[in-house]
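Notes to accompany the following structure.
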Amino acid sequence: MPLLKDEALADDPWIAVADDQELPADSPVIVSQERWLARAKDLAGRNAPIGILLKSHQSPAAIAGDLDRFSLVALEFPHFKDGRAYSYARLLRERYGFKGEIRAVGNVLRDQHQFMIRCGFDAFELRAGEDPAEWRKHANAFSVFYQPATDRRVTALELRHAKPAE
Amino acid sequence: MALHIITGNRLIDGLVVFLAEDGGWTETLAASRVIEDDEELAQMKTLAAAAAKAAIVVEPYPIDVTRDDGEVRPVRYRERIRAFGPSIHPAFAKQDAAGHFAAEDDDEESPVSRKRA
Amino acid sequence: MYRYDEFDQRLIDERVAQFREQVARRLSGELTEDEFKPLRLMNGVYLQLHAYMLRVSIPYGLLSSRQLRMLAHIARTYDRDYGHFTTRQNIQYNWPKLEDLPDILADLASVEMHAIQTSGNSFRNTTADQYAGVAADEVEDSRIYAEIIRQWSTLHPEFSFLPRKFKIAVTASPKDRTAVWFHDIGVIMHRDEQGEVGFEILAGGGQGRTPMIGKTVRKFVPKKHLLSYLEAIMRVYNMLGRRDNLFKARIKILVHETGIDEFRRLVEAEWAQIKNGYLDLPQAEIDRITDHFQPPAYETLADASPEFKKKLREDKDFATWITANTAAHKRSGYAIVNLSLKPIGVPPGDLTSAQMDAVADLADRYSFGELRATHEQNLTFADVRKTDLYALWQELKKHNLATANVGLIGDIICCPGLDYCALANARSIPVAQRIARRFQDLKRQHDIGPLRLKMSGCINACGHHHVGHIGILGVDRKGEEYYQITLGGSADEHASIGDILGPAFPSDKVVDAVEALIDTYLDIRNDGEAFLETYRRVGKEPFKERLYATA
């Protein structure tokens, strides 16, 4: 799948590994939460980076204590209408202090791009053939924000009451 | 077997349309293509699906109709409302549909019958 | 009223541009209907039986005359010359074309209006008291906080894909005119023991398939914590609300299945993490918005002039209209006027473009250029001088907006039903019209007294039948339209859900059934006892007996 990072197509070194597959020795791998929770010790000695895939019913609270082990958290959208991952992303960034890559995978629409950025996503799995230029347009669909969010982009409220420069 | 026609809403304006004899889409119920057998129904569904993909019509589907003296009439009341118009707004009537619209005079007990024909 | 600054305006302009692009992608086929649907729903665009339907947001029901003229223009130019006011203080157009919608939204944006989030699984219109600002019993103006909530809830990045729609109401009077106990979140403004104004926060109220009365999550939230508290509730709902079953996805199901105590624990735990942070509401912003809701330039007037009293004595029809369609204003010499959108023969809540223009002119002349849409599908002029009432009444009569039935049996609340709505099982408007005709005699209506009759064409309950004193629900029984009657519902501060009386009635029997209920009430009521009071005193048995006895 094409990967969008910083508004451009990026190479993707990560390999998503099914629960019953062996882990390739030196590649960055993305494993399921089940695998992580069941086999954390096995993965403990691993040199290559580890990423975790959370399904839409899997809140990051369960692995919050292990976040320093992950370079990447992939949040899955089984359907673009399933909006749980927006909350998960915000918690990862703001509650648990996660600084690695938060990747949106699954059924995502470019029209959701800006919402995702504001919630702390910084990588996006596109459908085959999608044009990153179109995604880029949606990253800036709006220039006004009513409510504060993870990205701490200045809000209308803050601008209204900003003290004039001295 | 029952008779069918294919209906949907036209994408650009949302109006109710029917698959016509010529393969196009018409607002006129009388010009709809009446489907008489299963094989034809399957073919027309395929045609309709293509029209949906081509952004002409939205979510087309088959409906049961009767044909009496050449007059095509949907069986389900809901489809008669779609075909003829909202029963309370005869000004928005889409086709001739005697007895479909609520009486305009003060006859308060003139329930518009929705019994099956 | 709130006036947009550059930020508010830019946001809706950007939304129009975004939607224009999305429509273009849909018309070219680049977006499938499945992909386009949630996007168009975020802009209030439904596809119904006959055509698209556009639901325009009227924040907490408040309109300027300028905005109403634009709504008239849209009806005339792009639709079939009328609009429909809804039970959530919005307006709907039933015949717009998809290709015209971007232009319609651009026209709306030119008068600070939009259709953002009037459908779809996000926040909907935050409603408030139609008497806000002029009711003597209000603690503060509920519209101020409805506006604050409106902004915070607009295009919220975390909460735009909720399990289901989300409706918030704000009230500030002990007498509730907003159905606050039947909202996903209800906000009741009140004072604590120290006299500080804050909010009681309710959650889990709603109608639809499983009507439920909201529960108190927290009794007092200080103003500065309003948004952080709401955000905590929303995060719990977004993460835990059911997504497996469309009919179990509202927050009321989550509150019910979790239990209010556990639900509260979850909310409070989340709130503890985010309060006293960047969601704190600065007093400066409260002040800024409050400034938009200053009282108009009232004159100092005696309460009732001799001419007014004379007219009341001389003109019985005028007196009848005053009794039903006006309410007390907190300021001496002023009155609240309700315009009835329920004349005989018109679908409840419908208004033609000509009427809209007339109402806009009358608002300018008689009510400082503003009006409100109510959740009972009428309009309100909040600030009319009593000395103007007679002249205003004459004008309203000319435009068929003075039927003296507000709050009475003729003032029926009714959804569009199967005549228009793709979700409906039965028609609702023809039955409502027949009931209205049966009871059209005003003397009879006034004798019957206050009675909220509410009708829905399906279990989604957009006509709010669960909270009707008499509720009627249209159902489909083997292809026939049948009507089930409930009694004793109430949307005010004594919230109650109506009781099902018994088997449903066919279309040609339902009006007689309603008449039998009214006759029962008239037979057993005590002096001065309204319908709902009588029902609560005697229960459903007498009514059930009368309706089903002659089997």
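The values are calculated or read from the model by the stated rules, or taken from the named source; none is laboratory data. Worth saying up front: this structure is predicted, and the values here are computed from it rather than measured. All Cβ positions, even for glycine, are placed from backbone atoms using ideal geometry, and neighbour counts span all protein chains on display.
Values for this structure:
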quantity: Residue within segment A:130-147 that is facing chain C (nearest Cβ under 8 Å), assigned to a loop (DSSP other than H, G, I, E, B), surrounded by 19 or more Cβ atoms within 10 Å (Cβ to Cβ) and touching a Cys at 6+ places or on another chain (Cβ under 7 Å) present; calculated: no
quantity: Residue tally, condition in a strand (DSSP E or B), modelled with pLDDT of 95 or more and among the aliphatic types (A, V, I, L, M), over segment B:44-98; calculated: 4
quantity: Among (1) without any contact (Cβ under 8 Å) to a residue 60 or more places away in the chain; (2) within 14 Å of another protein chain (Cβ to nearest Cβ); (3) more than 26 Å from B:Arg78 (Cβ to Cβ) - the single one C:Pro59 does not satisfy; calculated: (1)
quantity: Leading residue by the ranking (nearest to C:Asp8 (Cα to Cα)) among those in segment C:98-116 that are touching a strand residue (DSSP E or B) at 6+ places or on another chain (Cβ under 7 Å) and within 12 Å of another protein chain (Cβ to nearest Cβ); calculated: C:Ile116
quantity: Strands (runs of 3 or more DSSP E) enclosed by segment A:14-111 - at least 1 residues per element that are touching a Phe, Trp or Tyr at 6+ places or on another chain (Cβ under 6 Å) and among the polar types (S, T, N, Q); calculated: none
quantity: Helices (runs of 4 or more DSSP H) contained in segment C:179-296 and holding at least 3 residues closer than 29 Å to A:His161 by Cβ, among the hydrophobic types (A, V, I, L, M, F, W, C) and at pLDDT 95 or above; calculated: C:226-240, C:260-274, C:283-291
quantity: Neighbours by Cβ (under 7 Å, 6+ apart or cross-chain): first from segment C:18-47, within 15 Å of A:His138 (Cβ to Cβ); second assigned to a loop (DSSP other than H, G, I, E, B) and of a type in the set (Gly, Ala, Ser); calculated: C:Gln18/A:Ala141; C:Pro38/C:Gly120; C:Met42/C:Gly120; C:Met42/C:Ser122
quantity: Candidate set: segment C:323-373, residues that are in contact with a helix residue (DSSP H, G or I) (Cβ under 6 Å, 6 or more places away or on another chain), among the charged types (D, E, K, R) and in a helix (DSSP H, G or I); chosen: the one nearest to the other protein chains (Cβ to nearest Cβ); calculated: C:Asp357
quantity: Residue in segment C:364-386 that is nearest to C:Ala128 (Cα to Cα), counting only those that are among the hydroxyl-bearing types (Ser, Thr, Tyr) and within 22 Å of the chain's Cα centre (by Cα); calculated: C:Thr374
quantity: Count of residues meeting criterion [within 12 Å of C:Trp321 (Cβ to Cβ) and among the small types (Gly, Ala, Ser)] in segment C:392-410; calculated: 2
quantity: Exclusive hit being closer than 30 Å to C:Asp383 by Cα, at pLDDT 95 or above and buried (at least 16 other Cβ atoms within 10 Å of the Cβ), set C:His84, C:His50; calculated: C:His84
quantity: Any chance C:Arg209 is charged (D, E, K, R), more than 21 Å from C:Arg55 (Cα to Cα) and in contact with a helix residue (DSSP H, G or I) (Cβ under 6 Å, 6 or more places away or on another chain); calculated: yes
